[in-house]
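The next block holds one structure in the form of C-alpha cells; read it before the comments.
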Amino acid sequence: MSVFKHEYRAYEGRVTRRWERIGVLVRYGLAEAWSSRITVGLFTLAMLPVIADLVAIYLANNAVARMMVSTGGKFPLEIDAKFFLRVLSAQCWLALVVNAWVAPRLVSFDLADNALPILLSHPISRFGYVAGKFISLFSILSLVTWVPCLLLFGYQAYTAPQPWFGANIQVGLGLLGGSLVWIAIVALLGLALSSWVKWRMVATGVIFAAVFVPAGIGAVVTGILRTRWGFLLNVPVMMTEIWQRLLGAPPVMKPDLELPGMAITLVLLVAVAVCIALLNARIRAREVVRG
Amino acid sequence: MIAGDRIVFEDVSKFYGEVLGVNRVSLSLPPGVTTLVGPNGSGKTTLMNLMTGLVQPSSGRISVLGLTPGDPNEFFREVGYCTQFDSFPRGLTGWDFVFDSLLLHGMGSANASKLACEALERVGLMEAAHRKIAGYSKGMRQKIRLAQSIAHHPQVLVLDEPLNGLDPMARAESLALFEELSRLGMHLIISSHILDEVDRISDRVVLITGGYLVAEGNIHAVRSEVRDKPMQVLIRCDRPELLASRMFTLNHCVEARLHSDGHGVFLRTTDIDEFYRLLNGIATEGLVNIEAVAPADDDTHAIYQYLIGSEGGAS
Amino acid sequence: MGVIELQGLEVRLGGRPVLNGLTGELRGSAIGLLGPNGAGKSTLINTLLGFHTPSAGAARVLGMDSRRQRAQIRERIGYMPENDSFIGNMSGVRFVRYMAELAGLPSRVALERAHEALFFVGLGEVRYRKVSTYSLGMKQLIKLAQALAHGPRLLILDEPTNGLDPMARQRMIQMLRDIRATGSIRLLISSHLLRDIDEICDDVMILKQGRIAAICNIEEERRSHRNFIEVETVGQTDALCAALRDRGCECACFASGRLKLVMPDSIGVRDLYVAAGQHGVEIRRIHRRRDSLEDIFLRAMDLEPARGELVRI
C-alpha cells in the first residue's frame with residue numbers, strides 16, 4: 001500500500017495557440033446564452049414565422065394547392081423578392097429581440113462582480129475578448145436570420161420551376177448580405193449598451209430604445225421639416241431600404257422620400273464606430289481597479 | 001445623564017427571523033480597550049449594532065453607561081460607531097460627511113466646524129477633506145469613517161475592523177490614537193482579525209463564535225483559565241533536546257516539541273512558576289546556552305486557536 | 001535572471017507621473033511589495049501585467065518585456081487581485097476551468113487541473129455552488145485557485161489575507177509557504193500586513209511616492225547591528241541592574257520588572273542568569289531585539305523606529 005501525497009505540481013503539457021483562446025470565449029459565451037430558458041423560448045418564437053413561410057412556399061409551388069386556392073385565376077401568394085423581403089424583415093426584427101435578451105447576458109455577468117481584471121490578466125487582449133463575445137452573439141443571431149432565410153430560399157429554388165433560381169440569385173445574395181449587415185450592427189450595439197448599463201433588464205430595454213427612439217425623433221423631424229433626412233435617424237426605415245435594394249425588391253418608400261445609399265451607409269458606419277468606442281472606453285475603465 | 005461607567009449586556013439575544021445573531025450574551029465592559037474577536041459571521045457585527053443602538057435585542061437588556069437607545073439624544077451623543085462597510089452617501093466630500101454628521105447631533109455650525117477640523121486633523125485627512133469621497137483610496141475612506149466616529153467626542157467608541165486597508169504607518173498611528181483615547185477613560189470596542197496588533201493595545205478580549213460568547217476578560221487571565229491546554233513556553237537554545245530531557249525529569253513538564261528550525265523547543269507545563277524557577281537553575285549551570293525565552297501561547301491568537309479553532313469559522 | 005527587472009520605469013496615469021524611474025532587480029523566490037497608500041504598488045503590478053504602458057523605461061517579468069511580450073507574460077503569471085473579482089453566475093469549478101482554458105490549457109486538462117487547484121486550496125463540495133453564494137474566505141480561495149490552475153511561474157497576489165479571520169489567514173499563509181517551497185513558482189505579494197510578508201517573503205521592495213525606497217533581503221538585514229536584549233523579571237531588579245552596570249552592561253530599568261540591556265561581548269546569557277540568581281531575581285522572559293521588517297520599513301520611510309512604538313516588549 002502507499003500513501004499518495006497530492007501537492008501542487010507545475011504544468012508541463014500542451015498550450016493552446018493564441019487564437020484558440022477566442023474560441024474559448026465563444027464556447028463559454030454560447031453556453032451562457034443557451035443556459036437560459038428564455039433564450040430557448042425566444043429562439044423557438046423566432047422559428048415560428050419560418051415554419052409559416054415554409055408552408056407558404058410549399059403551397060405556392062404545389063399545383064394541387066394552387067388550384068384549390070386560386071380565386072379568379074390569380075394565385076394570391078407570389079414567391080418573389082417582395083416575399084423574401086418580408087421574410088427577411090421579420091427574421092431580422094426577431095433577431096433584434098433575441099439580441100436584446102442575449103447580449104446583456106454575455107456582458108453583464110463579467111462586469112457585475114468585477115471579473116475583468118482577472119479575465120484580462122490572461123493572455124487575451126481587449127480585442128480578443130470583445131471578438132469572442134461578438135462571435136458567439138453573431139452565431140446565435142445567424143441561426144435566426146440568414147440560416148433559415150437561405151434554407152427557405154433553397155427550398156423555394158428546389159420546388160419552384162428551374163428558371164426561378166436563375167432569375168432570383170440576387171435574392172439569395174441579398175438575404176445573406178442583408179442579414180450580415182443587420183446582425184453585425186445589432187450585435188455591436190447590444191454589446192456596447194450592455195456594457196454601459198448595470199442591470200440586465202434595463203440593458204434589454206435600452207437596446208430596444210436605441211433602435212426605436214431615434215426612429216420616433218426622425219419621424220417627427222421628417223413630419224415637421226418635410227424633409228427625407230429625418231429618416232436617417234430611423235433605423236427601421238433605413239434597414240428596409242437597404243434590404244429592399246439588396247434583394248432587388250420593388251421600392252417601398254415614395255421616390256421623393258428615398259435616401260441615397262451612401263448616406264445610409266455612412267450613418268450606420270458612424271453608429272458602429274460609436275459602439276466600438278463605447279466598448280473600448282468601458283473595458284479600459286473596468287480592467288483595472290484604481291485605489 | 002451618564003450613570004455608571006460600564007457597558008452592560010444582560011442575557012441579550014438577537015434573532016433575525018430564524019437566523020441567529022447572538023444568543024444569551026452577558027457582558028460588563030469597563031473603560032479601556034476591549035477587543036472583539038471571532039470568525040466571520042460569528043455575531044461580532046450584531047454585537048456592535050446592539051451596542052450602538054442600531055438594532056434592538058430580541059430579549060434581554062442593554063445599557064451603555066447607564067443609557068439606553070430609549071433616550072436617543074443622550075445615547076447617540078455618547079456613542080460613536082465606525083463600521084466596516086464601505087458605503088457613503090453619494091456626492092459628498094470628506095468634510096461634508098463629518099460636518100453633516102455633527103450637525104445631526106444638534107450642534108451649531110461654528111461648533112461643528114471646529115470639531116470637524118479637529119477630527120480631520122487627528123486622522124490626517126485635512127488636505128484631502130474637500131475632495132469627494134468617491135475619489136478616495138481605500139485607506140482614506142477608512143480614515144474618514146474613523147473621523148466621523150470620533151468627531152463628536154463620544155464616551156464609547158465602537159470600531160469594526162478599523163485598520164482595514166491602512167498601510168503600516170497609518171496602522172501604527174491609529175493604534176496610538178486608540179491607546180491615547182483609552183487613557184482618557186473612553187470605552188473602545190475594537191473588532192479585528194489581526195490579533196497581534198490587537199494584543200498590543202487591548203486590556204480585555206471578548207471571544208465570540210456562532211453567536212455565543214466563548215470567553216471574556218484580560219488575555220492572561222483568560223489564558224490561565226484554559227486548563228486543558230497547559231502553558232507553553234518557547235526556549236531558543238543551542239541544545240534544545242538536552243534542555244527538553246532535563247525538563248522532562250521534572251514531573252510538571254507534560255510536553256516537549258522541537259522547533260522546526262532545530263534551535264528551539266516548545267515546553268508545556270502545568271506549573272509555570274516552578275518551571276521558571278527550574279529553568280533559571282538550569283541556565284545558571286551552563287548546561288545549555290539559552291538565547292531567548294518567551295511564552296508561546298499567552299496571546300489572543302493562542303486563545304482563539306484553543307477556544308474557537310478551525311471549525312469555528314463559517315465554511 | 002531576476003524575476004522582475006525594472007529599468008528606469010516610468011508610468012503616467014491621467015497625465016500624472018505615478019511611477020518615477022524605478023530601477024532594480026528582484027530575485028528571491030518570494031518577494032514582498034510594501035509601501036504606503038498611493039506609493040504606486042497597484043500601478044506597478046498593473047504595469048507588470050501589461051495593463052499600463054510605461055511612458056519611459058522598461059519592466060521585465062521573467063525575462064520578458066512587459067510592453068512587447070505581454071501575452072507571453074500573461075501566460076506565465078497567475079494574478080490574485082485585492083478586490084472581489086469573479087463571475088458570480090458560474091460554479092466554482094466552471095470559473096476556474098474557464099480561466100485555465102483562457103490561460104492556454106486544453107479543455108479536458110483544464111478541468112483536471114481546476115479540480116486539483118480547488119483541492120489544493122481546500123474548497124470541497126462548495127466548488128459546485130455558484131461563486132456568488134460564497135463567503136468572503138471562499139472568494140479569496142477561489143481567486144487563488146484560478147491563479148494556480150494553469151501552473152504559472154509567477155504568482156502575483158494583492159492583499160491575499162484581506163478580510164480573512166485568524167484561522168483562515170494562518171491557513172492562507174501556510175498555503176503560500178507551501179507553494180513557495182515547491183520551487184516551481186515565484187511569489188510577488190503586496191500587503192499592508194508586515195507580519196504576513198515577514199512570514200512568507202525573503203526579499204522586499206518598498207515603494208514611496210513612486211520611487212523605490214528600499215530593496216533588501218530580510219534575513220540579511222536582520223542579522224545586522226542592534227543587539228538589545230529585553231528581559232522580564234520577578235524580584236528586586238535594582239540591585240541586579242547595579243550589578244550588571246558594574247560589569248559593563250548598559251542597563252535600563254522599567255516598571256514591572258522590565259529591563260533593557262546592551263551586553264558587551266564578554267558577557268553571555270549565562271552570566272545574566274548567574275547574576276540574577278545571586279540577587280534573588282527570577283528571569284521569566286528573554287527577547288533579543290533584532291531588526292524586524294517594521295524597522296526596515298520605517299527606516300525606508302525615513303522615520304525613527306521609536307515613533308509610534310510599533311514594537312513593544
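Nothing in this text is a laboratory measurement; each read-out follows from the coordinates by a stated rule. What you see is a predicted model; the values in this text were computed from it and never measured. A quick note on method: Cβ atoms are made from the backbone with ideal geometry, for glycine too, and the neighbour counts reach across all protein chains shown.
Here are a few things to note about the model shown:
- Estimated 222 nm signal from helices in chain A, with DSSP H stretches of n ≥ 4 weighted -39500 (n - 2.57), rounded to 500: -25500 deg cm²/dmol
- Residue among B:192, B:42, B:245 with the largest mean-square fluctuation in a Gaussian network model of chain B, springs linking Cα atoms under 10 Å: B:245
- Eligible lysines near residue A:5 by straight Cα distance, threshold 28 Å, same-chain separation 8 or greater: C:139, C:143
- Partner aspartates and glutamates whose Cα lies under 17 Å from the Cα of residue B:114, excluding those fewer than 8 positions away in the same chain, are identified as B:96, B:100, B:127.
- Computed over neighbours whose Cβ is under 9 Å from that of residue B:138, the net charge equals -1, Lys and Arg +1, Asp and Glu -1.
- Think of it as helices only: each DSSP H run of n ≥ 4 in chain C is worth -39500 (n - 2.57), and spread over all residues that comes to -10500 deg cm²/dmol at 222 nm.
- The stretch B:159-173 and the stretch B:208-253: distance between their alpha carbon centers, rounded to Å: 30 Å
- Kyte-Doolittle mean at least -0.5 and Cα axial length at least 15 Å: DSSP H helices in chain B: B:94-104, B:109-123, B:168-183, B:272-285
- Relative contact order computed over chain A (Cα-Cα under 8 Å; 6+ residues apart), in percent: 23 percent
- Each residue of the stretch C:250-264 is assigned a 3J(HN,Hα), and the resulting list reads 8, 9, 10, 9, 10, 5, 6, x, 8, 10, 10, 10, 10, 9, x Hz, derived from the Karplus form 6.51 cos²θ - 1.76 cosθ + 1.60 (θ = phi - 60°), x at Gly and Pro.
- Cα long-axis angle, helix C:107-121 against chain C (0 to 90 degrees, to the nearest 10): 20 degrees
- Cβ-based charge dipole, the protein assembly as shown, positive-most Cα from A:22, A:54, C:300: A:54
- For B:125, B:279, order by how many other beta-carbon atoms lie within 10 Å, fewest first: B:125, B:279
- Each residue in C:192, C:52 was given a count of other beta-carbon atoms within 10 angstrom of its own, and listing them fewest first yields C:52, C:192.
- In plain terms, the residue of B:252, A:122 with the fewest other Cβ atoms within 10 Å comes first and the most crowded comes last, giving B:252, A:122.
- Here's how it looks for residue C:33: its modeled amide H is under 5 Å from those of C:189, C:190, C:191, C:205, which are all 5 or more places away or on a different chain.
- In chain B, the sites counted are trypsin sites (Lys or Arg not before Pro) in DSSP loop states with at most 10 other Cβ atoms within 10 Å, and the longest stretch holding none of them, exclusive of the sites, is B:91-226.
- If you take all other residues with their beta carbon under 15 Å from the beta carbon of residue A:220, and give Lys and Arg +1 and Asp and Glu -1, the sum is +2.
- Cα shape, the stretch A:96-137, gyration tensor, a/c 1.5 rule: oblate
- Global geometry of chain A, whether rounded, prolate or oblate, following the gyration tensor of its Cα atoms and the 1.5 cut on a/c: oblate
- Remark: the stretch A:193-210, residue by residue, has Karplus-estimated 3J(HN,Hα) of 5, 5, 6, 8, 10, 6, 9, 5, 4, 5, 4, 4, x, 5, 5, 4, 4, 4 Hz, where x stands for each Gly or Pro and the curve is 6.51 cos²θ - 1.76 cosθ + 1.60 at θ = phi - 60°.
- Among A:254, A:133, A:82, the largest mean-square fluctuation in a Gaussian network model of chain A (Cα springs under 10 Å) belongs to A:254.
- Restricting the stretch A:250-291 to trypsin sites (Lys or Arg not before Pro) in coil, as DSSP defines it, with at most 16 other Cβ within 10 Å: A:290
- Net charge of Cβ neighbours under 9 Å - reference residue B:263; Lys, Arg +1; Asp, Glu -1: -2
- Taken as Cα centroids, the stretch C:61-116 and the stretch A:43-67 sit 49 Å apart, rounded to the nearest whole angstrom.
- Bridges between two residues of chain B, per DSSP, are antiparallel at a rate of about 65%.
- HN-Hα J in Hz across the stretch B:11-26 - Karplus 6.51, -1.76, 1.60, θ = phi - 60°, x for Gly and Pro: 6, 8, 10, 9, 10, 9, x, 8, 7, 7, x, 9, 10, 6, 9, 10
- Qualifying GluC sites (Glu not before Pro) for the stretch B:1-82 [loop in DSSP, other Cβ within 10 Å: at most 13]: B:18
- In chain A, the longest principal axis of the Cα atoms and the axis of helix A:126-144 are about 40 degrees apart.
- Whole-angstrom gap from the stretch A:224-291 to the stretch A:113-160, using each part's C-alpha centre: 20 Å
- Max mean-square fluctuation residue, GNM over chain A, Cα-Cα springs under 10 Å, options A:238, A:201, A:67: A:67
- Reach of residue C:260 by Cα under 13 Å, taken over aspartates and glutamates that are not fewer than 8 positions away in the same chain: C:230, C:232, C:238, C:250
- Of C:215, C:269, C:86, farthest towards positive along the dipole that unit charges on Lys, Arg, Asp, Glu beta carbons give chain C: C:86
- Structure-based [θ]222 nm, chain B - -39500 (n - 2.57) summed over DSSP H runs of at least 4, per residue, nearest 500: -11000 deg cm²/dmol
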